[in-house]
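The values are calculated or read from the model by the stated rules, or taken from the named source; none is laboratory data. Here the structure is a predicted model, which is why all the values come from computation and not from measurement. Glycine gets a Cβ as well: all are built from the backbone with ideal geometry, and neighbour counts include every protein chain shown.
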């Protein structure tokens, strides 16, 4: 049964990827990429990688698609036919693929419990992490404690990407839009209670992107609090089940991005300001690094949480809680910053 | 029939190579980034395939999973979990560069950009 699901999902993936290669409309390619991510997330679930599936579903289908679409809105939606024939590319790809497949001949069979990867340090993580670190979710133990340096590095990489984005695109505001939105501000507050006739008149004045999508606005209003609540659950329940800072940050960010898509970016920017986001992004990395430094001041190694409390397991718990919080805040802030920078860019501005 | 056990790896390699093909054969910069995303997701698939054990379960230890006693390898999960988020960060930087290129050149097709460069 397991292999049947596996094979079906793999063939769906192949079909999707062939469609991505052939299609020339970039919008369709981006949508197909979202499907590709969702299918691979399902495949990760069948292969027991629940945390990874979680992240892939939130990042691959959510944030990636949004970012690609916002970049597409600033450029051209159709791919040109390349002037030269791609035979050399095809040859390179076929040869590389053949070499890689030849390489897999030496690999152990798929799902083999005796393959070398399972006989190395993983045995220790599975056997000792409940006593050494504590959280039932081994992935969290490894991520936050055993390989804490790695995760700090990843957090800093994300932070750097956020800085690069702000440097490349900036938070420049769409001036003409701002003026139009600020004038009928008093009207806007009473907009929700107004009847639809008034609403139509209002739309002519300011053109909210979601103003004529009644269903979107109402469903959005119902869903956004739930999304945010779910993100908090994922953040604080990451020790016990699938989840953690990375997933929670992305899910929280997607709630805010949904708000921005339905109620306009300017409105979202007044709720979550770019300045606050920059502070949050710094704060996230600072919390992570700070926990490491506090451990050093208390006489342990960098990111050695045992010294944080009288009982080593409590110390580990506190340390993991804090650094997951740092990761969550950092990822959330950077993801929203990325969306803002793209959404705020005027088409064709130099 | 030892080769049957490798189909997961082979499909992952096929997907990887399709992404690679898009990256090197297409001139459109956004399409290239889509190909790069396909490529990286396939690499994730390869890694996670290696961590899978038949009959194993997700590496979460609690009273319900005690009866399994066989967990899939958590290390690839940790590596890939962070790689996914870093992947989206790199995609975002690539897209930002694409947007800036479009603002300067008015196109995101590689050969048109090159033609404009040569004509300078």
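Is it the case, given these coordinates, that residue A:291 is more than 14 Å from chain B (Cβ to nearest Cβ), more than 25 Å from residue A:238 (Cα to Cα) and in contact (Cβ under 8 Å) with a residue 24 or more places away in the chain? No; evaluated as a whole, the condition is false for this residue. For the range A:154-162, the count of residues that are in a helix (DSSP H, G or I), at the interface with chain B (Cβ under 7 Å from one of its Cβ atoms) and free of Cβ contacts under 8 Å to residues at least 60 places away in the same chain is nonzero. Residues being within 19 Å of the chain's Cα centre (by Cα), assigned to a helix (DSSP H, G or I), within 7 Å of another protein chain (Cβ to nearest Cβ) and surrounded by fewer than 17 Cβ atoms within 10 Å (Cβ to Cβ) are entirely absent from the range B:71-89.
Scanning the range B:21-45 for residues being part of a helix (DSSP H, G or I) and over 10 Å from the mean Cα position of the chain (by Cα) gives a total of 10.
Of the residues making up the range A:77-88, one or more are within 8 Å of another protein chain (Cβ to nearest Cβ) and touching a residue at least 24 places away in the same chain (Cβ under 8 Å). Residue A:77 - would you say it is at pLDDT below 95, out of contact with any strand residue (DSSP E or B) (no Cβ under 6 Å at 6 or more places or on another chain) and not assigned by TED's automatic domain parsing to the domain that holds residue A:327? The answer is yes for residue A:77.
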